[in-house]
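Written out below as structure tokens is the structure these notes cover.
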Amino acid sequence: MSATLTSGAAVAGELAKPFQPSAKDTALAQRLRGLARFGEAARAFVWPHFELTLRLWIAWVFVRHAGGMLPPELAWSSAVVGGFVTNSVVLAAAALLAMGLLTRLAVVPLLLQALAAAALGGGAEPLHCAALLVWFLVVGAGPFALDSVLASGAERSALPLHKGLARLYAALTRLGRPLLLLMLRLVLAAALLSAAGVVWIGGATTPLLLPWSPTLALPLAWLIACSLALGILTGVAAFGFLLAVAAAWFGGAPSIALLYGASLAGILCLQGAGRWSVDASLEARFERLVAPSTWDDERLPHVVVVGAGFGGLAVVAGLRDARCRVTLVDRRNYHLFQPLLYQVATCGLSPADIATPIRELVRDQPNVRVVLGRVTGVDVDRRQVWLSERSVRFDYLVLATGARHAYFGNDRFEAFAPGLKKIDDATDIRRRLLLAFERAEQAADPDERQALLTFVIVGGGPTGVEMAGAVAELAQHGLRGEFRQLRPENARVILVQGAPRLLPNFPEALSDATRRSLQALGVEVLCGERATDIDAEGVSLGDRRIRTRTVVWAAGVMASPAGKWIRAEQDGAGRVLVNPQLEVPGLPDVFAVGDTAQSSAWGGRPVPGIAPAAKQEGAYIARLLRARLRGASDPAPFSYTHHGNLATIGRAAAVADLGRVRLTGPVAWWFWGVVHVLFLAQPRHRVAVSLEWAWAYLTWRKSSRLITGYDG
């Protein structure tokens, strides 16, 4: 044993050695990083003051309009005050904007007023004002705002709408900020070219933001405009735009439009070009270049994540740019989108359509290292994870190892009834299905042919329902006309469910709709029946015997052996019992997520073992770890938000339980398809899966009918 430990430590030491760049590369990287840090520090200092000034100015603009402080010919909002919002609402919203309190909500009436004024002929100023208001709507207020002061307390509040609004705001900022920065760059580039007389906006020579043509050489105007449009050295280009504004102002043509132009350029100068820019691409490449000399510092805390499923990847993604080292361990080199695994098993999709190499997913995270290996144990006292003959030391450990099949003590069933948890399972089931049809084509005995054409799925949860519907459609439509001695549409598909109804976690009305849809496809649904024996000849349901050569197990799962590795308390399914912070009791800084954990964070009920739950848990652990790395207090305990249950049955048939909203039929099927496409990891997969489904929908054909792993 000591020799093994020594060997393992030696191998681990070799694996931990980072790539060493040359001294010249290191010096250059340090200089560049020093400049970048100086720029970040300068922006961090200037931005709060600039943003506060911007809020106060915009608030004062609306106070003057609503308070009647302007001559009628200048009050562009006078036509809509009282029509859309009252003076009191405008004044209250302007006051909230100035204080930075409920900023996003306060912006809404002001934005509506500005847009209405522009529509009623108020000129260009309300449009410029609306552009700044949209920024506050999408991004919110800065550090010098009451929203920021109250944020930490609000996280722990019991206000009913706070958590939903916080998630909405975060999604709005994440999705809207890159688009807003892109639009801002394009508008400023067009304004500069218009001021230089290169382009005309609105069919006139009057420029959008620069009413006076700056005394710049035409090539320089082109250079700054192209730089802004493409996002190349955006801060420098935005500063050049500010110089053009200053030249116009001091050249004798001051106007309110110049102030708006300077404000928008200031946002770009301080906030950068955003995600969709050349700057962002170059920055990502630079991070990968200097990563070995930056992130492999052994003094940084080390987070080890075991498992690259939904939960594990959510933890890793949440630790992007955190001051820590992250090691992601998995026994496979790909992340699998399990909800569509049944489509691989039934010839609907190729394995490559739902699996992505792990290294591709984290290649833009320089603080992440991927280790391919099977975990054999965890030494919580020495804080080491053992992988065969290697070990990885950790400061924080996240177990996201998923689940495996559960045969409820009848492990002998596995040889005849494979489950569906990994790609190998899916290709094995696909091989069994297709070989059953091939052998039935050649069978001379009618009874043997019928046994080959009988398919039994054990388990009436979402996986079982989806498998049964897909197998029935494959037999009735996908293989029609391809055999000469048999008719595939005569195949018998049987769904066995031990519970009184299908989909027990769904409302009873949706369970009944599911049963009717399956029966319309020709599936025999047997509820209240349990498989008491499974062998090579068939399935026994008590005293009843069904002859079949193909059985698929979808009746239950159990957690991985992670609980045994750390000797933690487990529930009946082997899941680790965790506290409200998803931490293993008695083992500080050891966490479990997804199917590995048993948490009661769903209003006192156990969190379901589905992908959205694992992603929420992983994101929470990332937030908690970031807080601990900063030395801050832990966030409020994890609370699971259930967005609904989905299950597809067949062509244009599905059920969706979205709480108060329940869908069935084609509407639910389209909703199910859109949700699953959006949840895929890569844009390439979204396109490929959409095209495969479109082809199958139009032709009734499934393109991945390949028998692999069979030598005849």
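No value in this document is a laboratory result; all are computed from the given coordinates. This structure is a prediction, so every number in the text was calculated from the model and none was measured. We place every Cβ from the backbone using ideal geometry, glycine too, and count neighbours over all the protein chains shown.
Quick look at the values:
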| read-out | value |
| --- | --- |
| Full-extension gain in nm, N490 to A573, via 0.36 nm per residue minus C-alpha separation | 26.0 nm |
| Label point distance in nm, F408-F239, each placed 7 Å from Cα along Cα→Cβ | 7.1 nm |
| Difference of contour (0.36 nm per residue) and Cα-Cα distance, R544 to R686 | 46.7 nm |
| Added length on full extension, which subtracts the Cα-Cα distance from 0.36 nm per residue, N505 to W602 | 33.5 nm |
| Base-10 log of normalised Debye intensity for the range 303-377 (one unit scatterer per alpha-carbon) at q = 0.14, 0.16 Å⁻¹ | -0.47, -0.59 |
| Inverse mean reciprocal Cα-Cα distance (Kirkwood Rh) of the range 576-686, Å | 15.9 Å |
| Label-to-label distance, nm, for residues given as V63 and L372 (7 Å Cα→Cβ offset) | 6.4 nm |
| Under the Karplus curve 6.51 cos²θ - 1.76 cosθ + 1.60, θ = phi - 60°, whole-Hz ³J(HN,Hα) for the range 675-681, x wherever Gly or Pro sits | 4, 5, 5, 5, 7, 4, 6 |
| FRET efficiency, A632 to V675 (Cβ-Cβ, R0 41 Å, nearest 0.05) | 0.75 |
| Likely footprinting exposure, H335, H302, fewest C-beta neighbours within 10 Å first | H302, H335 |
| Rough spin-label spacing in nm, given labels placed 7 Å along Cα→Cβ, for R177 and A41 | 2.3 nm |
